[in-house]
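Since the structure comes first, as C-alpha cells, the remarks are kept for the end.
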Amino acid sequence: MRFDRTAFTIIDVETTGLFAYSGDKICEIGALRVEPDGRMDHFETLVDPERYISSGAFAVNGITPEMLHGQPKIGEVMPALLDFMANSVIVAYNAPFDLGFIECALGADRWRLKDFLAIDALKVARRVFPGLSKYSLKNVANFLKIYPDTEHRAMADVMTTWKVFDREVEILREKGVGSITDIAFPFLSDRTFSADPQTVTIASVIRAAINTGSAISIKYRSMWDEKVTERVISPISLQDGYDSSYVVAFCHLRKARRNFHLKNIIEASAIR
C-alpha cells in the first residue's frame, strides 16, 4: 500500500475521562477523510455518553452536560462512523487512547474493525522528530509551526493531527519509506504478548495481586516523555485493550483509579 494511493481517516475523540476500559465514554467524535486525490470529507458529532463528565475531562475539553443533552447515543453514531471510515487507513495521535474508546463503544461488534489498518501519529513523531522534550500533539505541532485556533475539541485536534501526519509522511518519503505497512498495523492486533517473557512475568505478578487483594510496586514508563516513575498500585483487573493489555488499578501515587499498559511496566514486584 502506497501513501499516494491510500485514503486516510484521521480521528479524535473527546471523552468523559481517561479510561475506556474502566467505564469512561465518548462524548464527541471528529474525523477527517482524505482521499488519494486530495478530496476531503468531515464527520463530527457530540455524543450523549449517558454518564457524567469528570472534572478533569471538563477542564480539558470544556464540554458540558447541557451541550450533550439530546445528542445521539454512541450506538446511533457508530454505524455511520464505520461507514465513513470504510476502505481507509485510520490515523490517530496516541492511537491507543482514541481507538481504545472506539473499540469499547463497539463492544461485541468490535470484530467489524478487523480489516482496518491503523497508524499512531505519536509513534511516527518519535521516529521522524527525534530529540523533542515532549511528544504531545501541541508540542509537536508547535515544533512544526502549526498553531491551531482551538485545542482539545475533536475536530480541531483532527485537523492538527492531519497537518502533523502530512509532514510526517513527507519526511518518511524523503527517507525512502513508501509503504503504509512500514508504519501501520492491524486495528485488532495480537495483544497477548505471549512471546515476551518480561510481560508474562509482570502479568503473573499482577494476577497474584488481584487474587490476594494486595498491592504491588511497579516502575512505569510514560508514553509521552519516557519518564519512569515508581509507584504502588492495587490491581483490580487485567483487560485486553487496543494496542496492549491493561491493568486497571488503584494508583496510590495519584490516589485514583488508573489504567496501566502492561508493555510500559518495566518492573512489578509484590510488597513484602
Residues satisfying the stated conditions in region 236-254, i.e. more than 14 Å from the chain's Cα centre (by Cα) and either modelled with pLDDT under 90 or closer than 14 Å to Phe19 by Cβ (or both) = Ile236, Ser237, Leu238, Gln239, Val247, Val248, Ala249, Phe250, Cys251, Arg254
Return yes or no: is Glu35 in contact with a Gly (Cβ under 9 Å, 6 or more places away or on another chain) and of a type outside the set (A, V, I, L, M, F, W, C)?
-> no
Give Lys123, Lys145 a once-over and let me know the one that is on the phi > 0 side of the Ramachandran plot and either modelled with pLDDT of 85 or more or not polar (S, T, N, Q) (or both).
-> Lys145
Look at Asp83 and say whether it is charged (D, E, K, R) and buried (at least 16 other Cβ atoms within 10 Å of the Cβ).
-> no
Would it be correct to say that Ser22 is assigned by TED's automatic domain parsing to the domain that holds Leu117, surrounded by 14 or more Cβ atoms within 10 Å (Cβ to Cβ) and either over 15 Å from the mean Cα position of the chain (by Cα) or over 20 Å from Ile119 (Cβ atoms) (or both)?
-> yes
Report the residue count in region 164-184 for those that are basic (Lys, Arg) and exposed (fewer than 15 other Cβ atoms within 10 Å of the Cβ).
-> 2
Given the conditions (1) touching a Gly at 6+ places or on another chain (Cβ under 9 Å); (2) exposed (fewer than 12 other Cβ atoms within 10 Å of the Cβ), report the number of the one that Thr64 does not fulfil.
-> (1)
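The values are calculated or read from the model by the stated rules, or taken from the named source; none is laboratory data. If you're wondering where the values come from, they're calculated on a predicted model, not measured in any experiment. Here the Cβ is made from the backbone with ideal geometry for all residues, glycine too, and neighbour counts use every protein chain on show.
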